[in-house]
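Colleague: Handing you a structure now.
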Amino acid sequence: MKESRESDWQPLSEAVLNDPVAAYDDMRRRCPVAYSETFGWSVFRHADLARVLADHETFSNVVSSRRSVPNGMDPPEHTVYRRALEPQLAPEQVQLFEPVCRGLAAELLQALAGGVLDAMDDFAAPFSVRSQCAFLGWPAALAEPLRAWARRNHEATLAADRAALAALASEFRAYVEEQLAARRAAGASGSDVMARLMRVRVNGALLTDDELTSVLRNWTVGEIGSLAAGIGIVVHELAQNSDLQRRLRAEPGSIPLAIEEILRVTGPLLMNRRVARRDVELGGRRIAAGERLTLMWVAANRDPEVFEAPERVQLDRDQSQNLLYGAGIHVCPGAPLARLELRVAIEELLRRAPFELGGEPVPAIYPAHGWRSLPVRFA
């Protein structure tokens, strides 16, 4: 039976929302496993997150009544779905997409010659959604509707508007059904990712339309939001650090490592959820079966017990403990694609003239992280 508890903190207070990184750092120091009505048990320390990620028998990924394939599943169901889907995001498969991805980034930047651009609205957001459409094999005409859909989904999530979220789920399903119908009319024999997903079998059976919609929604929501946020965070760091810009232009092989380290310091994804499957003690707190946990990625990746001077960007840092893409059986399956797109976007930006901040950035609004607006001026 769950206990009645006092909240240790208020995660949606104005002070926390105005500076979540500082607030999470503070909570990691003074109350590393903290209770609130909003988030349940928030887990801030790297060691505690690592324990949760490794113990899927105690901490479940089934956090919603809506079936989520495969990330909202536990073993053994998760194992068979993950194994069937992973080949579509394998590094060697993703690498074939690089020329298309690079062409999209170069085309966007070519159209932004001179003056001040908003690195989010003019580059990161359109690149993310166009890249996702191209990777899936969806028409380029869907890019702007999907971008608008993602924005409304974010707003409805912030407002906890269940009716709006249900309507948005139906809208996304309609996009998927349109693409499925087009491929079925052509014999579903195409070579793009969407067509290949339609031929995936789990336990001998093709994925249902519900399952395909769930997979594609998980990939699209994560890709559009997190990729755009990640690009903006890296661009912001480089715009303030001319020495690092010069180093990366001289040593382009260091760009992937720089991206991982910058996003360790300020991650694009604030948190994920779990549910306790049985009574457990974590960080000295008693958590009852059925209670919610919120894994605070940004706080864990700034834990001084794991990363010396964690607030500093250091390219020679060991990244083996970086939780940017999670860890364990639920490590992000789209990490190879995200790494490729991030690298290509930053490489193409660095091919242009040196850049600096061109105005005051506007922080993103929870549950997003990073920047809503990021003015950048090229020399």
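The values are calculated or read from the model by the stated rules, or taken from the named source; none is laboratory data. Values in this document were obtained by computation on a predicted structure and should not be read as measured data. Note: ideal-geometry Cβ built from the backbone for every residue, glycine included; neighbour counts use all protein chains shown. Just the protein is used for accessible areas: all its heavy atoms, side chains included, with ligands, DNA and RNA removed. Shrake-Rupley method; radii C 1.70, N 1.55, O 1.52, S 1.80 Å.
Colleague: Using a simple charge model, +1 on the beta-carbon of Lys and Arg, -1 on the beta-carbon of Asp and Glu, nothing else, what dipole does region 177-228 show about its Cα centre, in debye to the nearest 20?
Modeller: Using Cβ point charges on Lys, Arg, Asp and Glu, region 177-228 gives about 240 debye.
Colleague: Before I look further, what does region 329-370 give for accessible area per residue, probe 1.4 Å, in whole square angstrom?
Modeller: Ligands and nucleic acids excluded, the figure is 40 Å² per residue.
Colleague: Now, a different point. Please give the Cα centre distance for region 266-297 versus region 304-342, rounded to the nearest Å.
Modeller: 20
Colleague: Let me ask another. Find the accessible area per residue for region 231-314; the probe is 1.4 Å, ligands and nucleic acids are left out, and the unit is Å².
Modeller: The answer is 42 Å² per residue.
Colleague: Now, a different point. What ranking, highest mean first, results for peptides 259-268, 189-198, 208-217 when packing means the other Cβ atoms within 10 Å averaged over each residue?
Modeller: 259-268, 208-217, 189-198
Colleague: Using the crude model of +1 on Lys and Arg Cβ and -1 on Asp and Glu Cβ, and no other charge, please compute the dipole size for region 218-306 relative to its Cα centre, in debye to 20.
Modeller: I would put it at about 320 debye.
Colleague: A further question on this structure: Ranked highest first by average number of other Cβ atoms within 10 Å, how do 76-89, 242-255, 337-350, 286-299 line up?
Modeller: Descending mean neighbour count gives 337-350, 286-299, 76-89, 242-255.
Colleague: Carbon and sulfur: what percent of region 271-379's accessible surface (1.4 Å probe)?
Modeller: Carbon and sulfur: 48 percent of the exposed surface of region 271-379.
Colleague: Here's a follow-up. Quick one: dipole size for the chain, taken about the Cα centre, charges +1 on Lys/Arg Cβ and -1 on Asp/Glu Cβ, in debye to the nearest 20.
Modeller: Approximately 680 debye in magnitude.
Colleague: Accessible area per residue of region 148-209 at 1.4 Å probe, in Å²?
Modeller: Value returned for region 148-209: 55 Å² of accessible area per residue.
Colleague: Under DSSP H, which helices of the chain have Cα atoms covering 20 Å or more of the helix axis and a Kyte-Doolittle average no less than 1.6?
Modeller: none
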